[in-house]
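Just so you know, all these numbers are worked out from the coordinates, no wet-lab data involved. Just so it is clear, the model here is predicted, and its values are computed rather than measured.
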Amino acid sequence: MKAIKIAVAIMTILLVVGFAVVIYTISTRLSDGTLSKKAEEVEMLSEKAALGASVSGSGHLSGEPFDLVSIKIPAGCRLADTQLLEGRILFRFDGELTRDCQRVELYDSIKGNKIGGWQIDISTDR
């Protein structure tokens, strides 16, 4: 009888820990937008259809093809978010402030060149 009580107590603890892990995973994915990727993909597809109006008669976009564009991510940083809107791609980087990770870069999605960007300056000098 004592063994059954111990087994029930252990299973109860495992269930509580399992629920906590599931709730933590859902909340962290909601906060960084991982669960909303499907909606973003649908939005990107609808934007591609909207770009169809700017397609030339040959069926290609009006921009010239370009080679691979290299986007440098400093060590210790991560790509936090990307957004596509009206022929531009916005990349948001996140990570340690001391490694200059807090920045946003804007690229032309038709030509592939960097348009500009913003970087958070944490210096205390004014």
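Through the Karplus equation 6.51 cos²θ - 1.76 cosθ + 1.60, θ set to phi - 60°, convert the phi angles of the range 93-101 into ³J(HN,Hα) values in whole Hz; use x for Gly and Pro.
Ordered by residue, 3J(HN,Hα) equals 9, 9, x, 5, 5, 6, 9, 6, 7 Hz.
Quick one: which residues, 5+ away or cross-chain, put their amide H under 5 Å from the amide H of Gln102? H built at 1.01 Å from N.
Close amide H contacts, sequence-distant or interchain: Ile120.
So if each residue of separation counts as 0.36 nm, and I subtract the Cα-Cα distance between Glu96 and Ala20, what length gain in nm does that give?
Values: separation 76, 0.36 × 76 = 27.36 nm, distance 2.76 nm.
Roughly 24.6 nm would be gained on extension.
Calculate one ³J(HN,Hα) per residue across the range 76-86 by plugging θ = phi - 60° into the Karplus curve 6.51 cos²θ - 1.76 cosθ + 1.60, and present them in order as whole Hz with x for glycine and proline.
Listing the rounded values in order: x, 9, 9, 7, 8, 7, 9, 9, 10, 8, 6 Hz.
Which cross-chain or sequence-distant (5 or more) residues have an amide H under 5 Å from the amide H of Ser109, H modelled 1.01 Å from N in plane?
Under 5 Å from the amide H of Ser109 lie the amide H atoms of Arg88, Ile89, each far enough along the sequence or on another chain.
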